[in-house]
Structures are given as structure tokens and as C-alpha cells.
């Protein structure tokens, strides 16, 4: 081991300890809430741009403090903040999923009848799990779990999520317009 390798490992270790200390502190709770609010605001802003440009239909948003569901026609985006067993920010995960269908849709309690088909359940088209990286609030970022060292801002994550949602929307829309309609047969 060379002196530069040792210095690099010590610097990395000190940075990791500083990051863990902040993310395990009570200050991280408020910082995380502000960062999630920034993420949701940026997603909302980009969705407004998307619909204003006429590239998509009306967007429906269902929000709670730790979960956001954006329905864009036949596809949806969910962003959820999931805490670990000890409710520590350091153990939390940000989960972003693009769905085909309507996530969280309650099935009706109708008895089985001919002609009544339940709506299809949603299926995931893309998902990403991110963890917070922050030695302090000013340098807050997100790191994809198990995917290296590319720390990204909330604005970058929002842009990626909206881009994935738009791609899924365009793909499903083109599938639906490309599918030929079967004409109704007389006498049925």
C-alpha cells in the first residue's frame, strides 16, 4: 500500500463517518423533508411544462407526505420515501417506479358476474432505488443503491423520473394507436 492509497482511504473513511453522523442526526429529518419537497416541486414543475407543451394529457396527482402518485393517462409515476426499522434517515430509501396502469387502484367488491371485468392491475415498467448521501444539508444528494458513486441532485432525479414517465406514456399511446380496432360484428 502506497502513501497516497493510505491517504485516499483515510479521507474516504472520514467522509463516510461525517456523512453517517449527519444522516443519523435529528437535523437530517428536517433536511430530508425539505429535499423531498424540492423533489416533488421539481417533478410538478416539469409535469406542468410537459402538459403546457401539449405533449401529454391532463395529469392527476395524489400526494401524502412520503408518497406521490402521478397518473398520466395509461401510465403512472410513484415516488415514495421508505424509512427503515429505526426511522433513521440513514436507513431510508427513495423508491421511484413508472407503472403501466393505475397503481393503488382499489378493486370493487362486486360479485363475480358475466360482462364485468375488473381493471387490470398495474405493472412496473421501470424502477430505481436511491439512498441519501449527505455529510451536511448543503451537499445533499442521492445515490442509486448498488450502482457506484454517481451522486445526483433532486432536480436530476426529478428530470429522470419525468423523462421515464413521458417515454412510457408515448410508448403506450403509440401501441394503442397502432392496434387496429376490430369492427363489431352484426348480430352480436
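The values are calculated or read from the model by the stated rules, or taken from the named source; none is laboratory data. Since we're looking at a predicted model, the values are computed, not measured. So basically every Cβ, Gly included, is an ideal-geometry build from the backbone, and we count neighbours across all protein chains shown.
Values computed for the structure shown
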quantity: Count of residues meeting criterion [more than 16 Å from residue 170 (Cα to Cα) and either touching a helix residue (DSSP H, G or I) at 6+ places or on another chain (Cβ under 6 Å) or not in a loop (DSSP other than H, G, I, E, B) (or both)] in the stretch 53-67; calculated: 6
quantity: Any chance residue 91 is free of Cβ contacts under 8 Å to residues at least 24 places away in the same chain and in contact with a strand residue (DSSP E or B) (Cβ under 7 Å, 6 or more places away or on another chain); calculated: no
quantity: Hits in the stretch 128-170 (condition: over 16 Å from residue 97 (Cα atoms), modelled with pLDDT under 95 and part of a helix (DSSP H, G or I)); calculated: 137, 138, 139, 170
quantity: Verdict on residue 21 being over 30 Å from residue 176 (Cβ atoms), in contact with a helix residue (DSSP H, G or I) (Cβ under 6 Å, 6 or more places away or on another chain) and assigned to a helix (DSSP H, G or I); calculated: no
